1. Just to be sure, is residue A:50 within 16 Å of the ligand (Cβ to nearest atom), of a type in the set (Gly, Ala, Ser) and more than 14 Å from chain B (Cβ to nearest Cβ)?
2. If a residue must be open to solvent by less than 10 Å² (accessible area, probe 1.4 Å) and touching a Lys or Arg at 6+ places or on another chain (Cβ under 9 Å), how many such residues does the stretch A:164-174 contain?
3. From the list A:193, A:186, A:211, A:181, pick out the single residue that is at pLDDT 95 or above, in the same structural domain as residue A:224 (by TED's automatic domain parsing) and open to solvent by 10 Å² or more (accessible area, probe 1.4 Å).
4. More than 22 Å from residue B:225 (Cβ to Cβ) and out of contact with any strand residue (DSSP E or B) (no Cβ under 7 Å at 6 or more places or on another chain), is that true of residue A:121?
5. Looking at A:249, A:242 in this structure, which one is farther than 30 Å from residue A:87 by Cα, open to solvent by less than 10 Å² (accessible area, probe 1.4 Å) and within 13 Å of another protein chain (Cβ to nearest Cβ)?
6. Determine, yes or no, whether residue A:96 is at pLDDT below 90, away from the ligand (no atom under 16 Å from the Cβ), closer than 30 Å to residue B:258 by Cα and within 14 Å of chain B (Cβ to nearest Cβ).
7. Quick check on my filter: what residues within the stretch B:7-46 are open to solvent by 60 Å² or more (accessible area, probe 1.4 Å), among the charged types (D, E, K, R) and closer than 26 Å to residue B:271 by Cβ?
8. Considering the stretch A:191-212 alone, what residues qualify as being closer than 16 Å to residue A:129 by Cβ, outside any strand (DSSP E or B) and hydrophobic (A, V, I, L, M, F, W, C)?
Amino acid sequence: MPWFLRPKKSIKNLELKRKSLPDGLWSRCDGCYETVFNKVLRENFMVCPSCEHHLTLSAWQRVSLLMDKDSFEEHDSDLESVDLLGFKGVKSYKDKLRDEQKKTGLKDAILTGIGKIDGREVSFCVTDARFIMGSMGVVVGEKIARAVDRSIERKVPLIIVSGSGGGARMYEGINSLMQLAKTSAAISKLNQAGQLYISVLTNPTMAGIMASFASLGDITIAEPKALIGFTGPRVIEQTIKQKLPEGFQSSEFLLEHGFLDEVVARGQMKDYLSKVISLF
Amino acid sequence: MGNEERLNFEAPIVELEKKIEDLKSFAESEKIDCEEELSMLYLKLEAVAKNVYASLTPWQKVQIARHPQRPYSRDYIDYLFEDFVEMRGDKKFSDDPALVCGFGKIDGKTFAIVGHQKGRDIKEKMACHFGCAHPEGYRKAWRLMKLAEKMKVPIITFIDTPGAYPGISAEERGQSEAIAANIMGMTTLRTPSMAIIIGEGGSGGALGIGLTDIVAIMENSYYSVISPEGCAAILWRDKDKASEAASALKIMSKDLLDMGIVDDIIQEPRGGAHRNFKKAAENIKASIFKYTHICENVAIETLLDRRYKKYRQMGQFHESPMLKDVN
Ligand SMILES: [Zn+2]
């Protein structure tokens, strides 16, 4: 029976069912709890076919979604984080980095480069939420600053797709906080140079990332139902000692409060970006 | 100094101080000479105090930075600046007492001043949200900084916040946007600026008034991307590991100076600024004069260029051109 004809099942039954399924073939949608064929999900850019929930997209998947075929050229791919603090927690930062690199195939939480949208060149950055929650350490800050420089040099628009639940990267301590300063300073140069910057927010974009470059777009858009804000909902709930209302800090909430230009579904994202950059 | 709140690690000092007091009153009431014993005790007290304060752990220094009697921004403003004129409100939504803004003079020279205010009594604490500012606070600070730029006066910011306010209203009014706008705006302000971390430098809430030409920190203050408790809760999954987190995060004044995050450390009287407020305030005053004088003798374009480069170069990373094609 095809997935869209199957009756809705309870979560418990799905859990039982999943166990009997071979690993890596199916995923469960966080939106409707349906099990979906991974192949179908990938072809649909990780948007659930039954409820249109937007699942996490890897940085390279985002490149294929938004950039013209074979147009993307990665830059600064050799930048790697160093353990500036000699951080000793439950796990050392060095071990953590090695594990995350192995898991994601990325050197750090961001991919940057030059690509084309409908034939128009752009300086493109996309964070990868799978790498230490897409948090911003020195490498993420530096690669964004360099992408801004490229945008200025080549006189092309800048697009940054953000997705970070952690914001700043604790393992790099204060150096991580200073990346808010670095990226914001870079964007102020972009503004002086008169180049366009479109900020695209995806689930989740929080804390240090949102309190710097992600909030500084000339045009700011978000994917539907993404979690976007400064303080994480759990910390707010602990502070005010009450449950937050449904939809608090969602894309739609930000649109309503005047902090977004548009909520754009993944399927329409490339067309939207293309339309905006064609204006200037 | 008898009615000051003392911290746990100060117990050996407090014990000796009590012994001295007891002996003094005993000598007085019994009319006997205890000078020799007293001077011995004073020597011992000096040695013990020296030892305690010289070997403070990062977590103990965090306790000093948060000491309930530590001088706050308004204390320094009242002591250091004459003719202080306060600016209130962001002219968009409301005022926020958690960020004090205004202009005042030191020795006839006008400065723009922004400072986090934690609140001394419970009423003020509540109004200031314990030093956690709302977006309107950051937007008010921006209004002041633009006026400072227009009138060509240097900006002094006093940083003392656990972090920007974490609540519903702050999110609704764009806490991230307000902080980001300030951070970006401060990179190109055409007037010299100096930040002084006088207590807690809590993450984005601190940086929201902290991107300046000069950043100085008081000896027992800290500046961190996350509170030690927050870091402990996330990485150790145990809030009681805050002491370990405070060490691991390298948040103390000397660490920050070594990493090039701050430009100078302002010395505090032994035991912390609250032990001798006037001395602490005078040290701040000297530092303000030293650095604003240096900045004002640099052409504004050069100053802006230096400021940009300072923040553009923050943090190290590894780059190996040899690996460029492997990926
Ligand atoms: Zn679904």
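1. yes
2. The qualifying residues number 2.
3. The unique qualifying residue is A:193.
4. In short, no.
5. From the options A:249, A:242, the qualifying one is A:249.
6. no
7. Scanning the stretch B:7-46 gives B:15, B:18, B:19, B:21, B:22, B:24, B:35, B:37, B:44, B:46.
8. Scanning the stretch A:191-212 gives A:207, A:209, A:210.
The values are calculated or read from the model by the stated rules, or taken from the named source; none is laboratory data. Predicted model, so just to flag it, every value in this text is computed and none were measured. Backbone-built Cβ (ideal geometry, glycine too); neighbour counts: all protein chains shown. Note: accessible area is taken over every heavy atom of the protein model, side chains too, but ligands, DNA and RNA are not part of it. Shrake-Rupley method; radii C 1.70, N 1.55, O 1.52, S 1.80 Å.
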